1. Just add up the charged neighbours of Ala339: K/R +1, D/E -1, any other residue whose Cβ is under 15 Å from the Cβ of Ala339.
2. Using Cα pairs closer than 8 Å and at least 6 residues apart in sequence, work out the relative contact order for region 117-225, in percent.
3. Springs between alpha-carbon atoms under 10 Å, Gaussian network over the chain: tell me which of Ile257, Ile229, Ile89 tops the mean-square fluctuations.
4. Compute the projected area of the convex hull of the Cα atoms of region 238-357, averaged over all viewing directions, and report it in nm² to one decimal place.
5. With an 8 Å Cα cut-off and a minimum separation of 6 or more residues, compute the relative contact order for region 3-234 in percent.
6. For region 69-161, what does the relative contact order come out to in percent, with C-alpha contacts under 8 Å and a separation of six or more?
7. So what's the chain giving for Rg/Rh, alpha carbon basis, Kirkwood Rh from the mean inverse pair distance?
8. Just in region 286-355: which GluC sites (Glu not before Pro) are loop by DSSP and have at most 16 other Cβ atoms within 10 Å?
Amino acid sequence: MALRFVMVGGFLGAGKTTTLGRLARHYQAQGKRVGIVTNDQAAGLVDTVTLRQQGWAVEEVAGACFCCRFDELMQRVGALQAAERPEVILAEPVGSCTDLVATVIQPLRHLYGQQVQVAPYVVLFKPSHGQRILRGPSQEGTKPGGFSPKAAYIFRKQLEEADVIALNRIDELTAAEREELVQLVRQHYPQTPLLCLSARTGEGFDALVEWLEQEGGFGRRILDIDYDIYAAGEAELGWLNAATRWQSSTGFALDEIVLEVVQNLTERCQQQGAEIAHLKGIGWEEGGSYAVANAITSAGGSQLSLASRAIVQQAEVIINARVAVEPEWLAEQLRQVLAAEGQQRNIAVELVQMQSLRPGRPVPTHRYAQAYA
């Protein structure tokens, strides 16, 4: 039996990790073994740790998008096959990446068609930025959705190549907001099926599963894309991945630590006028509970999305930030937040590793100019 490959795309903060976690539970309930591959521009990914803490077998492709690390993607899939013998692979590409039909799906179909069945390509729609971007620059000045037109270009191209668009986070929308978004998507992408769902609550999730089980002529929407604009849009975002270690002889509330670090960094971005694409953190004690906090826009603030309710004496905390600002500024702000938090709570905070960068120009391993299959 061929391995089922399910890739779920979407912009930073669209809810891909939550969606993959729910899909993994669905396939497991069907008696299927599941493997997951995550992807990032740098090592030390909150998503990888989150999914591993949930008990899933996860491999990570770091350093560039799947498209630029196609051979490594297949190596990671092979490692999962050797260790776990999965029947389904769930793949989460970098949230700033597009042109995945031409550079990932088509090469998979052509080069691995006998071993791999590729599911329809679903792209999650992020309401908080999508609403502003699709309304257009006439209402947003020169920065649609808080980003430059070049970054907004990536958002639009992601939706353009989708087999189906999934409007996620509907539990966070009013009826009027949901209807406006439905109309905007249908106006801009009239030929693309649209689903409405909440990966967090499960509302509308059955329809997504039904789509992913379909066979046929999917993954064929090759983009007409300008790689100069694409590269400039990705380079607008400052990228920060940091790993830290916290220790205290008296103990501390893990949830409070993770939320406050994300919250304080979010507030500094707001004061700077720097638009957040996604800012998230995870904290965990070895073999114990874990907490996750995130912010998906500068306007919306931060929240604790997974609570541990744990009091611990030591913990590992990873912070990932993708913000339209200089990465060096992000790194310095995080150092200040960590120092202040440690001093205030009398906790020893060690910065174990940190990478801050702007993504380089995408150079795909393969790019198909037309659909092979």
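A short reminder: the numbers here are calculations on the coordinates, not readings from a lab. All figures in this text were calculated on a predicted structure; none of them were measured in a lab. Cβ coordinates were reconstructed from backbone atoms using ideal geometry, including for glycine residues, and neighbour counts include every protein chain displayed.
1. My count for the surroundings of Ala339 gives 0.
2. Value for region 117-225: 35 percent.
3. Of Ile257, Ile229, Ile89, the most mobile in the Gaussian network model is Ile229.
4. Over every viewing direction, the Cα hull of region 238-357 projects on average to 6.4 nm².
5. On the way: 415 pairs, mean separation 59.1, N = 232.
Relative contact order of region 3-234: 25 percent.
6. Values: 44 pairs, mean separation 26.0, N = 93.
Relative CO of region 69-161 lands at 28 percent.
7. On the way: Rg = 19.9 Å, Rh = 20.9 Å.
Taking Rg over the Kirkwood Rh, I get 0.95.
8. Answer in residue order: Glu286.
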